[in-house]
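Q: Quick one: this structure, given as structure tokens, is what I'll be asking you about.
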Amino acid sequence: MKCPSCGCIDNSKVVDSRPTEDYSIRRRRECLECHKRFTTYEIIDEVPISVIKKNKTKEIFDPNKIISGLRRACYKRPVSEVQIAGIVSEIEADISNSLKREVTSAELGNMVMAKLKEIDEVSYVRFASVYREFKDVETFLRELKMLTENKQ
Ligand SMILES: [Zn+2]
């Protein structure tokens, strides 16, 4: 990465980063040498992201799985397809930006839950109940109680 102002190489930090529609990431970088800012479009690494599941097996990160999970959780809730797609692309970008090539299914689930919680709490609880496989009604109610208490 070369700074267009002073020409120094690989001496910049990312100040903002967001996915574009054509599988690249738009990054605002700041040169640590001359402090000028510039924009780059970086192709998302071809290396796919692997998800390590609970039973230690790996599978390729599949955004469609998250989308279908989210659709189920958001059924008849005021959450649009655009918001669902937004959650998924944010998560993909977060993983790409972290430069990790592997995430555990637990990390992935937590990322989804954190984003969903801000959009719609009912959908969040639904997603969490499937995802965390609440063993009994009590665990489920505890989660609900935590949610309501956090609000006050
Ligand atoms: Zn520079």
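We did not get these values from a lab; they are worked out from the coordinates using the rules stated. Bear in mind that the values here come from a model prediction, so they are computed numbers and not experimental data. Neighbour counts run over all protein chains shown; Cβ positions are idealised from the backbone, glycine included.
Q: Using the scaling law 2.2 N^0.38 Å as the reference, what is the normalised Cα Rg of the chain?
A: 1.27
Q: Work out from phi, with θ = phi - 60° and the Karplus expression 6.51 cos²θ - 1.76 cosθ + 1.60, the ³J(HN,Hα) of each residue of region 93-101, listed in order in whole Hz, and give x for Gly and Pro.
A: 5, 4, 5, 4, 5, 6, 6, 7, 10
Q: Fewest Cβ neighbours within 10 Å first, please rank 1, 111, 146 accordingly.
A: Least to most surrounded, the residues fall as 146, 1, 111.
Q: Could you put 27, 77 in order, starting from the residue whose Cβ has the fewest other Cβ atoms within 10 Å?
A: 77, 27
Q: Would you mind classifying region 42-84 by shape? Square roots of the alpha carbon gyration tensor eigenvalues, ordered a ≥ b ≥ c; an a/c under 1.5 is rounded, otherwise it is prolate if a/b is larger than b/c and oblate if not.
A: Cα axes put region 42-84 in the oblate bin.
Q: While we're here: Quick check on my link table: of 115/145; 56/145; 13/53; 13/100; 13/65, which ones sit more than 24 Å apart, alpha carbon to alpha carbon?
A: Over 24 Å Cα-Cα: 56/145; 13/53; 13/65.
Q: Run the simple label-point estimate for residue 10 and residue 40 please: 7 Å along Cα→C-beta, distance reported in nm.
A: 1.1
Q: Out of the chymotrypsin sites (Phe, Trp or Tyr not before Pro) in region 9-106, which ones are loop residues according to DSSP with at most 11 other C-beta atoms within 10 Å?
A: In loop regions of region 9-106 (DSSP not H, G, I, E or B), the sparsely surrounded chymotrypsin sites (Phe, Trp or Tyr not before Pro) are 23, 75.
Q: Rounded to whole Hz and in sequence order, give me ³J(HN,Hα) for region 73-85 from the Karplus expression 6.51 cos²θ - 1.76 cosθ + 1.60, θ = phi - 60°, writing x for Gly and Pro.
A: These are the phi-based 3J(HN,Hα) values: 5, 9, 3, 6, 10, x, 10, 8, 4, 5, 5, 5, 4 Hz.
Q: Placing unit charges on C-beta atoms (Lys and Arg positive, Asp and Glu negative, everything else neutral), compute the dipole magnitude of the chain about its Cα centre in debye, rounded to 20.
A: 240
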